[in-house]
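Since the structure comes first, as structure tokens, the remarks are kept for the end.
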Amino acid sequence: MQISSTQWTLIAVALICAAVQGFTLRILRNRKMLSDFPVFFRYSAFCAAAGVVSLLPYMFFCSKQVYFYGYWVLTTGTMVLEFAVLYELLVNALKPYAALIDLGKMLFRWAAVFLILATLLTAFATAGSGSSKMIAASELLQRTVRLMQCGLLLLFFGLEKRLGLSWRTHSMSIALGLGIYAGVDLSTSYLVDRMPALTGTFHILANLVYVGAASLWAYSLAKAEPARSNVLDSPSRLIFQRWNEALTSYSIRGEMAFASSGVESFLPGVEQTVDRILARKIIQ
């Protein structure tokens, strides 16, 4: 088995990325930040190990079948962890708003159920062998998570001032790296289908961008996080504060409840919540 120059480049990039993420793990452990980013710590550890494991077929000349299944198993595991990292970043951004965190948890659970059903239906609906079904399901999961990462980055861009966040904070830096890489990965995936002759070049580009994202995470986590402005003490009534108060008023025994009585449906409860928030805004 002869290794091409493109493959040697990918091997070198994978080793560099594994080293950078290993350094990130050391920073998280030494600075005692595991309680703040437990999922991101597991994600970084998994990616560092996956980068090393992905090189084994080149070193021991494994069969293409072993490499194929190993690659898609590692990709699926990475996507599952990245989905969990998205929730962790959202929780960190909404720390002052406990009720909104509960709402975000509920929405992420439904999103996870939707992803599982969508991947299973895609696998069953895809014609061909078992490997073709697995590829279709994994690609759907990967592209959906990538779109969610881009969406989270855009959300942070739009709500940066309202949330009182700074791009120097750890959660924002992690979201920035994930969002940029997700956009590049989606773009290169599209270009590979249009220009298959440049597949190796696009893969190298995507991997280099990921190394840059991992370096950004290490740099950000190594520095002290700036103090977050307390938006709850601001004289202006923020929309998040109004949502948080309205949602809290409908909570029962710590769980989100949008209906004011047992016979009312979910949607009327949501309408009442929106009306209450708008009424508060008009009064102010």
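Any read-out appearing in this document is the output of simple, stated calculations on the displayed coordinates, not a laboratory observation. In this text the structure is predicted, and so the values were computed from the model without any measurement. We place every Cβ from the backbone using ideal geometry, glycine too, and count neighbours over all the protein chains shown.
Residue-wise HN-Hα couplings along region 137-145, as the Karplus relation 6.51 cos²θ - 1.76 cosθ + 1.60 with θ = phi - 60° gives them from phi, are 5, 5, 5, 4, 4, 5, 5, 5, 5 Hz; Gly and Pro carry x.
If neighbour count is taken as other Cβ atoms inside 10 Å, put ASP185, ASP193, ASP36 in order from fewest to most.
ASP193, ASP36, ASP185
Estimated at 0.36 nm per residue, the fully extended path between ALA12 and LEU208 surpasses their Cα-Cα distance by 69.5 nm.
Return SER132, SER215 ranked ascending by Cβ neighbour count within 10 Å, so the fewest neighbours appear first.
Working: SER132 12, SER215 17.
Fewest to most other Cβ atoms nearby, the residues stand as SER132, SER215.
When GLU88, GLU139 are arranged by Cβ crowding within 10 Å, least crowded first, meaning fewest neighbours, the order is GLU139, GLU88. With the simple model of a label 7 Å out from the Cα in the direction of the Cβ, THR78 to SER187 spans 1.9 nm.
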